[in-house]
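This report concerns only the one structure given below.
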Ligand code: DC
């Protein structure tokens, strides 16, 4: 069984998807982390970010593992590193290339085979798992999303100007919604939840209620 979740940055997706997976006692895959790890690898290897062919090759050989709630790249724990603003600044171009995305979609399908999974990202309900049993689209207004991201970074000790963060978030939103392949869209059969004025637990509760009622 796959529970597919899409939504923009700051919609609460990651926190909610993790909690939902815990409640359902299934595994969890953050596909954003796979693109973030690829971006880190590209920066570490000084790959030209305009060279989509080399980036796709890098993706083919991406040595990524998820263990004990941590992300490992080439055997090294990169969980904190992949959340840094430098990754946010460079990721949009990398995730825009169709040849990179097709490799990454295969990787994501492989990572979530042989078990029940909650999988979250931008194109999970539409491209990665269009036949998922349950589909959700989480949203929140842009101001709430920027505040959440700001708080998340502050908690990690990362200082960033709020205006700059809002600008970057809007830029990423635009790029996510307007790319040619794997764009962020609301799947016609997804349940849409606006999380702006809901607590994490309220959202998870809504999702579980939906899963239980449609399983009956
Ligand atoms: O969810 P996130 O903020 O960690 O995602 C990081 C970037 O990766 C974001 O700009 C969108 C992109 N992404 C994507 O294009 N497709 C996915 N399935 C997941 C993330």
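Listing for the model above:
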| item | result |
| --- | --- |
| Failed condition for residue 145, given (1) more than 30 Å from residue 25 (Cβ to Cβ); (2) assigned to a helix (DSSP H, G or I); (3) in contact with a helix residue (DSSP H, G or I) (Cβ under 7 Å, 6 or more places away or on another chain) | (1) |
| Among the residues listed as 76, 41, 69, the single one being surrounded by fewer than 16 Cβ atoms within 10 Å (Cβ to Cβ) and within 16 Å of the ligand (Cβ to nearest atom) | 69 |
| All positions within region 71-86 that are within 21 Å of residue 124 (Cα to Cα) and either at pLDDT 95 or above or in contact with a strand residue (DSSP E or B) (Cβ under 7 Å, 6 or more places away or on another chain) (or both) | 71, 82 |
| Qualifying position, being touching a residue at least 24 places away in the same chain (Cβ under 8 Å) and not in a helix (DSSP H, G or I), among 138, 169, 198, 153 | 138 |
| Odd one out for residue 141 among (1) closer than 17 Å to residue 7 by Cα; (2) out of contact with any strand residue (DSSP E or B) (no Cβ under 9 Å at 6 or more places or on another chain); (3) at pLDDT below 95 | (2) |
| Filter result (more than 14 Å from the ligand (Cβ to nearest atom) and in a loop (DSSP other than H, G, I, E, B)) within region 103-135 | 113, 114, 115, 116, 131, 133 |
| Meets criteria (at positive phi and either touching a strand residue (DSSP E or B) at 6+ places or on another chain (Cβ under 9 Å) or surrounded by 15 or more Cβ atoms within 10 Å (Cβ to Cβ) (or both)) for residue 182 | yes |
| Some residue of region 51-60 being within 15 Å of the ligand (Cβ to nearest atom), modelled with pLDDT of 95 or more and in a loop (DSSP other than H, G, I, E, B) | no |
| Breaking point among (1) within 23 Å of residue 154 (Cα to Cα); (2) within 15 Å of the ligand (Cβ to nearest atom); (3) part of a helix (DSSP H, G or I), for residue 19 | (2) |
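The values are calculated or read from the model by the stated rules, or taken from the named source; none is laboratory data. Model, not experiment: these values are computed from the prediction. Heads up, the Cβs are rebuilt from the backbone with ideal geometry, glycines too, and the neighbour counts pull from every protein chain shown.
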